Amino acid sequence: MSRFAEKLAGKKIAVIGGSSGIGFGAAEILVESGAQVIIISSSQDRVDDAVKRLGGRVEGLVGNVRDEAAFTQLLISIAPLDHLVFSSVDKIIRGALADADLDEAKHLFGVKFWGSVVVGKALAKHDIVKPGGSLTLTSGGAALRPKKGATLGSALNAGVITLTTALADELTDKKIRVNTVVPGLVKTELWDKLGHSKEKQQELFESGAAKLPVGFVATPDHIAEAYLYVVRADYANGTTIVIDGGGAI
């Protein structure tokens, strides 16, 4: 086996939000690369199911990023880590701004945006990730192509990109790289949370595929390749990795 193929062998990597969707895809590709993976999710049932599906060198823990003190202690308890991936998201924020429930939006920001801040702060304050390791966050294509119907979601995702750049500088002394993956349209369980029927989702995906140069909508497996790259790439820091099937063209 080449030194490139062995690069993550035995490395201890935590994937926050790794029990479903894009996070599960990231956990799966890291396991296949030989890493010792710990998935963290807020649901014991989802954690148990993901561990069972992943098999191999996988551990599952329950934690809620909305509880900063408890979540920070959880991260300290599994330190030292070689890498940490954050892909938690509660629900996609979509709809006209005039009709938005801002209290709900603030609650949703508490996972993807403020959760990223909680993790970044924990790494800055405590020795959780080893020098030479990395933190990979997750943004979204709405950050790059903001438009009506996605005003709040665009702002949330753009905030994660800005946070990535700042954290990359903030964690310089600890020699921890910070990058973010920006997926485009992806088939995940999140669409179920919007209340769309399977038929409606299929219409959305077919319409989206027709607009993409690659001609199809991604699954979490496709997006996982981007996480593998930024975790492995020692020279990638403060980087935004856009993986959207050419949607930005």
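Normalised per residue, the accessible area of the chain is 48 Å², obtained with a 1.4 Å probe and no contribution from ligands, DNA or RNA. List the pairs from 125/174; 106/198; 52/200; 147/187; 52/130; 121/147 whose alpha-carbon separation is above 19 Å, in the order I gave them. Too far apart for the 19 Å limit: 106/198; 52/200; 147/187; 52/130; 121/147.
Express the relative contact order of segment 202-249 as a whole percentage, based on alpha carbon pairs under 8 Å and six or more residues apart in sequence. If you can, show how the numbers build up before the last one.
On the way: 27 pairs, mean separation 21.3, N = 48.
Relative contact order here is 44 percent.
Of the solvent-accessible surface of the chain, computed with a 1.4 Å probe over protein heavy atoms with every protein chain present, carbon and sulfur atoms account for 53 percent. Remark: segment 89-181 is approximated by an ellipsoid whose semi-axes, taken from the C-alpha gyration tensor as √(5λ), come to 28, 13, 8 Å, largest first. Note on the chain: Rg/Rh from C-alpha atoms, Kirkwood Rh, equals 0.95.
Based on the Kirkwood radius over alpha-carbon pairs, what is the Stokes-Einstein translational diffusion coefficient of segment 1-110 at 4 °C with 1.567 mPa s viscosity, in µm²/s? Before the final figure, lay out each step's value.
On the way: Rh = 15.0 Å.
This corresponds to a translational diffusion coefficient of 86 µm²/s.
For segment 1-122, what does the relative contact order come out to in percent, with C-alpha contacts under 8 Å and a separation of six or more?
Numbers: 181 pairs, mean separation 31.4, N = 122.
Reported as a whole number, the value is 26 percent.
Which whole-number percentage describes the relative contact order of the chain, with Cα contacts under 8 Å and a sequence gap of 6 or more? Could the numbers behind the result be given before it?
Numbers: 481 pairs, mean separation 48.9, N = 249.
Taking the mean separation of contacting Cα pairs over the length of the chain, I get 20 percent.
The values are calculated or read from the model by the stated rules, or taken from the named source; none is laboratory data. All values derive from a computational prediction rather than experimental measurement. Side chains are part of the model used for accessible areas, which takes the heavy atoms of the whole protein and leaves out ligands, DNA and RNA. Shrake-Rupley method; radii C 1.70, N 1.55, O 1.52, S 1.80 Å.
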